[in-house]
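Engineer: Handing you this structure, nothing more for now.
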Amino acid sequence: PQAPVTPLPGSVSASSATVRSIRWGQQDFGLRVVLDLSAPVPLKVEPGSGSVTVTIPGLMARGTSGSVSPYPSEIGLSVTQFGDRVVLAFRHNASTVRHFSLEAPFRQVIDFYDPRPLGTSPAPYSPWTGPPEGSIVEEEPPEEVFQPLPQPEQPSERPPRGVRTVVIDAGHGGKDPGAVANGIKEKDINLRVARLMSDILKKEGMRVVLTRSTDVYLQLSQRTNIAVKEDADVFISLHCNALPKGKTAEGVEIYLMALPSDKHAMELALIENRELVEGGLESSEAADKRTRTLLKILGDMQQNVKIEESTSFAEILFRKGESKKLPMRRVAQAPFYVLRGAAMPSVLVEMGFLTNRAEAAKLKNPNYQKQIAEALSSGIVEFLKTSKYN
Ligand SMILES: [Zn+2]
């Protein structure tokens with residue numbers, strides 16, 4: 001990889017950067033926005049009254065992660081590409097704005113300070129006032145704001161015009177087995193079906209990117225980041241379901257990311273939203289907190305999660321499953337963290353219940369895995385062919 005070059009003073013138009021992502025986080029002073037850039041460039045930050053304009057020599061792709069403000073009533077953001085410059089216009093009601101840049105990797109930080117005068121009594125929750133006592137609404141620990149984003153090992157080639165990109169996410173992996181029942185680990189079934197789908201879709205002329213092609217662990221946010229970076233046309237996350245002792249169910253469920261359709265969908269999201277931390281699976285409180293944050297964000301971002309497209313995608317997958325004689329159970333909605341921030345039609349598929357002994361035996365069978373992979377792949381092909389969102 002090329003070493004980043006620090007611009008010489010005066011060489012203003014010589015360099016250009018890509019805005020890789022925009023991250024938003026709550027701090028004790030207010031809200032912090034971090035722009036992740038591919039290279040150090042001489043950018044301009046111009047605070048105005050109730051606004052901040054950032055002009056960056058370079059590009060920002062459509063669908064870049066974080067390009068929609070998760071705090072629309074405090075900070076609005078509009079992004080415009082003018083030739084070889086991208087202009088980010090923030091509108092805000094902060095009392096003070098501070099900005100600074102950081103090196104290696106190059107980041108521009110903009111801090112928006114809480115507009116309320118000191119000593120004001122706490123108002124109902126807003127990002128300015130911080131979390132009400134007893135509940136934690138922070139999306140990520142603040143220190144994570146400064147962690148560099150994972151970079152793909154090799155930048156992948158852009159597909160020729162007209163070639164569609166499918167990103168397939170085999171859920172869990174590595175130290176995280178997912179559901180384990182009847183001698184089967186969820187992560188293994190997910191990966192096998194993902195690979196089978198990759199083979200089928202490549203034969204159909206599509207560009208396929210797997211978030212993992214081996215038994216490795218990835219964080220939930222890394223999975224969606226791959227879909228955004230690869231500019232995916234669709235994103236599909238593969239999982240297997242499990243139920244507590246005494247309960248049983250069978251069949252394939254297709255979920256889209258939205259407010260939960262019922263209690264069961266919500267419970268499933270809570271399980272899938274757990275992440276591994278050092279020493280084991282994190283507490284259910286942490287996943288619960290992440291899910292609740294997601295619910296709040298969903299309320300704000302309803303327009304930005306491609307619900308209409310994802311619904312149509314889910315319905316096509318469901319019908320394809322039926323026509324391929326799979327036991328299709330339902331299409332439902334739940335706040336899955338892995339689908340968060342996906343700027344393209346995206347679904348999470350629960351391929352069956354590992355806790356159901358008969359279904360576990362089927363899921364282990366390579367012929368059944370192939371049947372699922374074929375049904376899902378033909379659904380993807382049909383969706384991309386017929387989608388009115390093309
Ligand atoms: Zn899972």
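Engineer: Restricting the search to the stretch 221-246, which residues are among the charged types (D, E, K, R), in a loop (DSSP other than H, G, I, E, B) and either within 16 Å of the ligand (Cβ to nearest atom) or farther than 30 Å from residue 182 by Cβ (or both)?
Structural biologist: 230, 231, 233, listed by residue number.
Engineer: Return yes when residue 367 is assigned by TED's automatic domain parsing to the domain that holds residue 195 and without any contact (Cβ under 8 Å) to a residue 60 or more places away in the chain and no when it is not.
Structural biologist: yes
Engineer: If you don't mind, another one. Would you please name the residue that is farthest from residue 174 (Cα to Cα), looking only at residues in the stretch 260-275 that are among the charged types (D, E, K, R) and within 15 Å of the ligand (Cβ to nearest atom)?
Structural biologist: Restricting to residues being among the charged types (D, E, K, R) and within 15 Å of the ligand (Cβ to nearest atom), the top hit is 267.
Engineer: Out of the residues in the stretch 331-361 that are more than 16 Å from the ligand (Cβ to nearest atom), on the phi < 0 side of the Ramachandran plot and not in a helix (DSSP H, G or I), which is surrounded by the fewest Cβ atoms within 10 Å (Cβ to Cβ)?
Structural biologist: For the stretch 331-361, the residue satisfying everything is 331.
Engineer: Residue by residue through the stretch 247-265, note down the ones that are at pLDDT 85 or above and in a loop (DSSP other than H, G, I, E, B).
Structural biologist: 247, 248, 249, 250, 251, listed by residue number.
Engineer: Starting from the stretch 82-107, take each residue that is over 22 Å from residue 48 (Cβ atoms) and list its partners that are part of a strand (DSSP E or B), counting only C-beta distances under 6 angstrom and pairs at least six apart or across chains.
Structural biologist: Pairs that qualify, where the first residue is over 22 Å from residue 48 (Cβ atoms) and the partner is part of a strand (DSSP E or B), are 106/37; 107/34; 107/36.
The values are calculated or read from the model by the stated rules, or taken from the named source; none is laboratory data. What you see is a predicted model, and the numbers here were worked out from it, not measured in a lab. No Cβ is skipped: glycine too gets one built from the backbone with ideal geometry, and neighbour counts run over all protein chains shown.
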